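Colleague: My questions all concern the structure below.
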Amino acid sequence: MSHVQHELVQKFPEKKEQIHNLKMNDSHFARLFDEYHELNRRVHRIESRGTDRSDETMEDIKKQRIILLDELINILEK
């Protein structure tokens, strides 16, 4: 368990302003951003509290988070 939150701005500090602008002006990006951070909080909460979740459930959540992150990165790189 890593107990490390994977916040988007922490991952890409050089894109902080772009992330902010996209959150304000692009509803699709904002929705993906919110979903990513919700999944991120769920993973962190499960890992830090040792909440009883099956490995399969945790892996599914992490896979969803990776898919969202990939989509967000694609938008940031346009």
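Colleague: Which parts of the stretch 54-70 would a label at residue 11 reach, counting a residue when its backbone N lies under 19 Å from a point 7 Å out along Cα-to-Cβ?
Modeller: Only 58-70 fall inside the zone, counting backbone N under 19 Å.
Colleague: Considering the options 37, 73, 20, tell which one lies farthest towards the positive end of the dipole of the chain, charges being +1 on Lys and Arg and -1 on Asp and Glu at the Cβ, about the Cα centre.
Modeller: Positive-end residue among those listed: 20.
Colleague: Further, regarding this structure: Over 20 Å between Cα atoms: which of 11/62; 16/62; 23/63; 16/63 fall into that group?
Modeller: 16/62; 23/63; 16/63
Colleague: Let me ask something additional. Suppose every Lys and Arg Cβ carries +1 and every Asp and Glu Cβ carries -1, with no other charges. What dipole size does the chain come out with about its Cα centre, to the nearest 20 debye?
Modeller: 220
Colleague: Oh, and also: Just need the relative contact order of the stretch 16-76 here, percent rounded to a whole number, with Cα pairs under 8 Å and 6+ apart.
Modeller: The normalised contact order for the stretch 16-76 reaches 41 percent.
Every read-out reported here was derived from the displayed coordinates using simple, explicitly stated rules and does not represent laboratory data. Since the model is a prediction, treat every value here as computed from it, not as a measurement. FYI the Cβ positions are ideal-geometry reconstructions off the backbone, even for glycines, and counts take in every protein chain you see.
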